[in-house]
Amino acid sequence: MGDKFYAKGAKSIYFRVLKMFLLIVMIPFLILLIVYAGLTRNIENLICERNFEIVKTGAEDFERLLSNQENLAVFFECSQDIMNFYYRADPLAEGKTTSAILEAQNDLNAMGIANSDVLNIQMYAARSGALIDYSTCALYLDRYFWSGSFGLVGYDCEGWVRDILQNEEQADFREAEMFFRGNIRDVLIYNRRYASVSSAGDNNRIIFYIDASKVKKAFSAAQYEEGFLASWTAAALSSCRIASRERRGSILPTVSLRKTDTANAPLEAGRCCW
């Protein structure tokens, strides 16, 4: 009977010591868990704040970029040489007006030298069907498109004329891949109507091919989906509308957002440019 009493007492002491040991071990463990959870939450908050600042800075840079292009478009609307290109020049009908196209192209080329964010700017005159860009004056569009200096992946000449040059939207944004100087470059296309005072009824266009890689660098720490640039442009444009309203007394009209369909047509290369 003494042995049983001794065994029972020893067992009771063993459990008491075990409970104390567990308490000694569990309390620091729980404290470590609480500290770890707090540190993890703080680190996540710091990462979110950092990413937010990166995206905020990128958004501000992108808004400045878009505002600069809008300011440039407004400048073109006041340029006499550019207005002559849109409304007077028609070399196929009047050869003497060829100089008006060349003068406008020289002005555009000068702007391109100082505008590194835009790979190319095209101006299309609906009246004459002529087009100029940084380095080319084109009277025959089928000889210009995929001629060796310019092309859009997924477009043939007919589709490019229909969807880009003859676009009816006041302002249209889309992402695309552009053949430029022997390379394929990702671009954000800002396609807007040339809206000078005497442009009633004319669907003249100014098309900016913005280097998408420079824009995406600002958002390199953030995850973005396909079509991100065109969608973000819609938000960025709202700030430009205020400035545009102050400069011209009007609001930029409805914006159309599209992602280029790269499966519509095969590439067409080897065309000559005059």
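The values are calculated or read from the model by the stated rules, or taken from the named source; none is laboratory data. Treat the numbers as computed from the prediction; the structure is a model and nothing was measured. As a convention, Cβ positions derive from the backbone with ideal geometry for all residues, glycine included, and neighbour counts pool all protein chains shown. Ligands, DNA and RNA are stripped out before the accessible areas are found, and what is left, the full protein with its side chains, is counted by its heavy atoms. Shrake-Rupley method; radii C 1.70, N 1.55, O 1.52, S 1.80 Å.
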Residue that is surrounded by the fewest Cβ atoms within 10 Å (Cβ to Cβ) [pool: residues in region 146-169 that are within 20 Å of residue 118 (Cα to Cα) and modelled with pLDDT under 90]: 148
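Against the condition outside any strand (DSSP E or B) and of a type in the set (Asp, Glu), how does residue 158 come out, does it pass?
Values: outside any strand (DSSP E or B): yes; of a type in the set (Asp, Glu): yes.
So residue 158 fits the description; yes.
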Index of the failed condition, residue 142 passing every other in (1) in contact with a Cys (Cβ under 9 Å, 6 or more places away or on another chain); (2) assigned to a helix (DSSP H, G or I); (3) open to solvent by less than 20 Å² (accessible area, probe 1.4 Å): (3)
Residue 102 being open to solvent by less than 70 Å² (accessible area, probe 1.4 Å), closer than 30 Å to residue 211 by Cα and part of a helix (DSSP H, G or I): no
Filtered residue count, region 50-81, keeping only those that are over 27 Å from residue 123 (Cα atoms), over 13 Å from the mean Cα position of the chain (by Cα) and touching a residue at least 24 places away in the same chain (Cβ under 8 Å): 5
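Could you say which residue among 21, 85 is under 17 Å from residue 206 (Cα atoms) and of a type in the set (Phe, Trp, Tyr)?
85
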Any hit, region 26-42, residues being modelled with pLDDT under 75 and surrounded by 10 or more Cβ atoms within 10 Å (Cβ to Cβ): no
Qualifying residue in region 106-118 (condition: part of a strand (DSSP E or B), under 23 Å from residue 189 (Cβ atoms), open to solvent by less than 20 Å² (accessible area, probe 1.4 Å) and in contact (Cβ under 8 Å) with a residue 12 or more places away in the chain): yes
Within region 170-194, considering residues that are assigned to a loop (DSSP other than H, G, I, E, B) and touching a strand residue (DSSP E or B) at 6+ places or on another chain (Cβ under 9 Å), the one least open to solvent (accessible area, probe 1.4 Å): 194
Leading residue by the ranking (surrounded by the most Cβ atoms within 10 Å (Cβ to Cβ)) among those in region 200-214 that are touching an Asp or Glu at 6+ places or on another chain (Cβ under 8 Å) and modelled with pLDDT under 85: 214
